[in-house]
Amino acid sequence: MSTAMNFGSKAFKPRAPDKGSFPLDHFGECKAFKETFMKCLRENSFDNSRCRLQSKNYLECRMDNQLMAKEPLEKLGFRDLMDPPPSPEARGSKP
Amino acid sequence: MLLLLPLMLRPSLCCPLTSPLLSRFIRTLPSSSIQGLRFQAELFLQRRPPSHLQTRSRSRKSGGLDEEWRRRNKTVLMYIAAAGVGMICLSYAAVPLYRLYCQATGLGGTAVAEHNTDLVETMKPVKERIIKVAFNADTHASIQWNFKPQQTEILVVPGETALAFYKAKNSTDKPIIGISTYNVVPFEAGQYFNKIQCFCFEEQRLNPHEEVDMPVFFYIDPEFDEDPRMARVDTITLSYTFFEAKDGQKLPLPGYSYN
């Protein structure tokens, strides 16, 4: 919380997320992927760099189940995890 | 005479101009004419420079002086009133003016978000700089959700996208709608903390006895590594707070866009 005494530095301004809000996964469709990801994190002492494959799988699950707008994974920063695919297939609809 | 002395001294102390007059008065003491004393006393009390007055009756000169002073007072009052009204108008005008200024210079944080969408694609992770992101979850007293992070901390590097989860459970028998906001500590690191997608600022509805996972997909701007102020920052804390939302209420998105 930005207190009134913080005159020297810039006050914190919350910003809206770039792609908006995730719809809630009411039916737990991607719960399995989430569990895999959390297990990977726990095994790797919570190092995100080693669990990027699992996070990519989770987001792909979301996209498949209409819980996230479909986007090419490069736009989500997973360029390094992609095999070089033929580009017209990988391109989904823009949000 | 003794009674008049304190009256004499007080104005003379306040007004140093009258001290020569006081000395003159003291010189005239031996000649003690009561009328003269009373005259001098009235001079002090009224604080008029005695050289202007020969008699106590109003002369045209003193009347003219009064008028001039009154006119001067009026102009001064007009100036002060105008300044006051001007200040009030300025304070009202400052709001749209400041908004324009912020949009022009991007100081309000509005311009920072523009280039982010292309940055995610092209940014390179800075593998040497490991940052610990700690997660915190809070709920407002009135909302009956159990809201907590699923991991206490995560190690990320700037330029790499990361995923984190929170969990919320509605253990009551009626659906509750929550809406959340977030905070990043330290404040200066907040400008480098970019969320691609999360669950904040929009109403989230939880049915009775429902539990959901809430992901946050974020990254830290690679320029974080180059900022000298961030050189000693190793831990960033992301804190979410959930509030209960009334039906149909919509939080305005932060920023200056009122479209």
Name the residues in region B:197-227 that are over 31 Å from the mean Cα position of the chain (by Cα), crowded, with 19+ Cβ neighbours inside 10 Å and either aliphatic (A, V, I, L, M) or more than 14 Å from B:Val120 (Cβ to Cβ) (or both), would you?
B:Gln204, B:Leu206, B:Val212, B:Asp213, B:Met214, B:Pro215, B:Val216
Output for region A:17-56, where each listed residue is in contact (Cβ under 8 Å) with a residue 24 or more places away in the chain, crowded, with 17+ Cβ neighbours inside 10 Å and in a helix (DSSP H, G or I):
A:Phe33, A:Lys34, A:Arg52, A:Lys56
How about region B:176-208: which of its residues are more than 7 Å from chain A (Cβ to nearest Cβ), free of Cβ contacts under 8 Å to residues at least 40 places away in the same chain and out of contact with any Leu (no Cβ under 8 Å at 6 or more places or on another chain)?
B:Tyr192, B:Asn207, B:Pro208
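Where a number appears in this text, it was derived from the coordinates with a stated rule and is not lab data. Note that the coordinates shown come from a computational prediction; the quantities given were computed from them, not determined experimentally. Heads up, the Cβs are rebuilt from the backbone with ideal geometry, glycines too, and the neighbour counts pull from every protein chain shown.
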